[in-house]
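Everything on this sheet refers to the single structure shown next.
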Amino acid sequence: MNPIKFPINPYIGQIYYSPNNKKVFQFSEITKTDKITGIIEERGVWFDITDEDLTL
């Protein structure tokens, strides 16, 4: 498997196709709340959506 070189500074909802791996990814934001401190943590993550049914 080849390492994936994701775009630098992606935006939420961005779609990226990796031709070397033949996979499609979407950049999404994840929000977590620490149960002890109540601090909200947000971060961006690339999800593999290659096999997802995207029809409306």
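The values are calculated or read from the model by the stated rules, or taken from the named source; none is laboratory data. Computed from a predicted model, the values in this text were never measured in an experiment. Quick reminder, even Gly has a Cβ in these numbers, built from the backbone with ideal geometry, and neighbours come from all protein chains shown.
All of 36, 4, 15, 40 fail the test of being modelled with pLDDT of 95 or more and among the β-branched types (Val, Ile, Thr), apart from 15. Within region 22-33, being closer than 12 Å to residue 46 by Cβ and of a type outside the set (Ser, Thr, Tyr) holds for 23, 24, 25, 26, 27, 29, 30.
Rundown of residues vs (1) touching a strand residue (DSSP E or B) at 6+ places or on another chain (Cβ under 8 Å); (2) part of a loop (DSSP other than H, G, I, E, B); (3) charged (D, E, K, R), yes/no style:
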residue	(1), (2), (3)
12	yes, yes, no
26	yes, no, no
37	no, yes, no
41	yes, no, yes
45	yes, no, no
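Once region 1-43 is narrowed to residues that are among the hydrophobic types (A, V, I, L, M, F, W, C) and surrounded by 10 or more Cβ atoms within 10 Å (Cβ to Cβ), the residue that is farthest from the chain's Cα centre (by Cα) is 4.
Pairing each residue of region 15-28 that is without any contact (Cβ under 8 Å) to a residue 60 or more places away in the chain and over 9 Å from residue 48 (Cβ atoms) with any residue that is β-branched (Val, Ile, Thr) and outside any strand (DSSP E or B), provided the two are 6+ apart or on different chains, yields C-beta distances under 6 Å for 18/4.
Pairs linking a residue in region 41-56 that is touching a residue at least 24 places away in the same chain (Cβ under 8 Å) to a residue that is basic (Lys, Arg) and surrounded by fewer than 12 Cβ atoms within 10 Å (Cβ to Cβ), with Cβ atoms under 9 Å and 6 or more positions apart or on different chains, are 50/22.
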